[in-house]
Amino acid sequence: MRQSELFIKTKKEAPKDEEAINSKLLIRGGFIDKSMAGVYTFLPLGLKVIKKIENIIREEMIKIGGQEILMPALQSKSDWLKTGRWDSYDALFKFTSYYSKNDYALGPTHEEVVSPLMKNFIFSYKDLPFYIFQIQNKFRDEVRVKSGLLRTKEFLMKDLYSFHCDEKSLDKYYEKIVAAYWNIFKKTGIKSYTYFTFASGGSFSKYSHEFQTLTPAGEDIIYICEKCQMAINKEIIKKEKSCPQCGGKKFKEEKAVETGNIFKLKSKYSAPFKLKYKDKNGKEKDVIMGCYGIGLGRLMGAVVEVCNDKKGIIWPEAIAPYRAHLINLEKSVKNNKFAEEIYKHLQKSAIEVIYDDREEKGPGEKLVEADLIGIPYRLIISGKNGNKIEIRKRSEEKVKLIDKKELVKLLKKNNV
């Protein structure tokens, strides 16, 4: 991609109404644009990041048997009445059809859709276990949107639902989900900042679990057990005073944001819809369910919260919009020719590259913008370097001069 053709523009200063690091840097870098409070447009660079996060999540869900579907965002009042949540779900967007006068909701979650859907496919114990997931926009009428992408009214979310004969099967799959989530957080660069956290199971079970990523912008308080490094949220520590994992009583208090959650729903949402199966003896039983969510925009925001410096974003390589940022610092005929040659060489070699070919921008401005945008590898073409390319990782100060032959090899091997 030529930067001269990219319609986004960076900003020298962050919007005054944004407090969180993620929204400040993402807006300044031209990744997102604020449409209204809690609602953002993902611009070309931001959409590329979201799509890479989406692909990582999809890959991990498929590995553990998930089959992808897409359920409607528009949901009927009748199904929400069956679960008793039409009047109790505080963040539910509701509206009445102008023509039919029927009441509808915009989906904040999909238990009310997926449970009746599965009545068409689950009849016998032979049909279980079964796992489906989707990646789709959700809508929640949040009382107070805050912290940029960390809490919004509209957001892209992956939700996977699992269906089982019994709790033993659910427990087994639950462990697979935990491992898959750790893989996702490792690939997106936040695993070392993230803690597996005990949370309330509500009316489903004693505990649910969250993955909490440390950031001052987080709205949650977690307590990290000094003995086993598990964490518990504020609600649990008030009740129990000790770690449910190891019994430890010494904790470190931290602010964090929930970047993933997993629930053992059991029969909470199968029973209202009479979602049942026949066991080996022909006896009807409630299907046992689990649900597992990750907000993609929130995950992107959390990455920026922990992967940045005073100059801008430092994208982890797996989700960066481009792998290399090629910058031509001088406008000579020779330099322009060499930069074009390198750009085409990288494209031909399937290296994702954004090429700053803008003639109206000076060297200083180009370098400042490159640091703000945060592409993993910066490639400088300059007259003082002759036919060598200056390469530097965004996360390091070390600079290396290499020739054209080495360039692709180094970028593909990831050993710059």
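Projecting the Cα positions of Met36, Leu26, Thr83 onto the charge dipole of region 22-118 (unit charges on Cβ atoms of Lys, Arg, Asp and Glu, taken about the Cα centre) puts Leu26 furthest along the positive direction. Were the residues from Lys384 through Gln245 laid out at 0.36 nm apart, the gain over their Cα-Cα distance would be 44.1 nm. Among the cysteines of the chain, those with no neighbouring cysteine Cβ under 4.7 Å are Cys165, Cys291, Cys307.
By the Cα gyration tensor, region 234-384 has an equivalent ellipsoid whose semi-axes, rounded to whole angstrom, run 53, 24, 11 from largest to smallest.
Peptides 338-344, 395-401, 72-78 ranked from most to least packed, by the mean per-residue count of other Cβ atoms within 10 Å: 338-344, 72-78, 395-401.
Charge dipole (Cα centre; +1 on Lys/Arg Cβ, -1 on Asp/Glu Cβ; no other charges) of region 236-323 amounts to roughly 520 debye. Each of Gly189, His345, Gly202 was placed along the dipole of the chain (beta-carbon charges, centred on the mean Cα), and the one lying farthest toward the positive end is His345.
Across region 324-413, Cα pairs under 8 Å and at least six residues apart give a relative contact order of 31 percent.
From helices alone, the chain scores -9000 deg cm²/dmol at 222 nm; the rule is -39500 (n - 2.57) for each run of n ≥ 4 DSSP H residues, then divide by the residue total.
For the pair region 210-274 and region 7-57, the centres of their Cα atoms are 29 angstrom apart. Note on Lys176 and Ser200: the model spin-label points, each 7 Å out from Cα along the C-beta direction, lie 3.1 nm apart. Measuring between alpha carbons in the structure, the pairs from Lys384/Lys404; Lys51/Lys409; Lys366/Lys400; Lys82/Lys276; Lys168/Lys274; Lys82/Lys285 lying more than 23 angstrom apart are Lys51/Lys409.
Across region 92-107, the residues whose backbone nitrogen lies under 20 Å from the label position 7 Å along the beta-carbon direction of Gln136 are 92-97, 103-107.
Between Glu253 and Ala271, the distance separating the two model label sites (each 7 Å from Cα on the Cα→Cβ line) works out to 3.8 nm.
Taking all Cα-Cα distances within region 305-349, those exceeding 13 Å account for 66%.
Placing +1 on the Cβ of every Lys and Arg and -1 on the Cβ of every Asp and Glu, with nothing else charged, gives region 256-304 a dipole about its Cα centre of roughly 340 debye.
Rounded to the nearest angstrom and ordered from largest down, what semi-axes does the equivalent ellipsoid of region 302-416 get from its C-alpha gyration tensor (root of 5λ)? Equivalent ellipsoid of region 302-416: 22, 17, 12 Å, largest first.
The gain in end-to-end length when the Glu359 to Lys412 segment is fully stretched comes to 16.2 nm, 0.36 nm per residue minus the alpha carbon separation. Measure off 7 Å from each Cα along the Cα-to-Cβ vector at Met1 and Glu396, then give the distance between these two points in nanometres to one decimal. Modelled inter-label distance: 2.6 nm.
Structural descriptor for the chain: relative contact order 16 percent, calculated from alpha carbon pairs under 8 angstrom and at least 6 residues apart. If only the Cβ of Lys and Arg carry +1 and only the Cβ of Asp and Glu carry -1, the dipole of region 31-309 around its Cα centre is close to 460 debye.
Listed peptides 102-113, 30-41, 152-163 appear in the order 152-163, 102-113, 30-41 once ranked by packing, highest mean of other Cβ atoms within 10 Å at the front.
Every number in this text was worked out from the coordinates using simple rules, so none of it is lab data. Keep in mind it's a predicted model, so treat the numbers as computed, not measured. With ideal geometry, Cβ positions are generated from the backbone for all residues, glycine too; neighbour counts draw on all protein chains shown.
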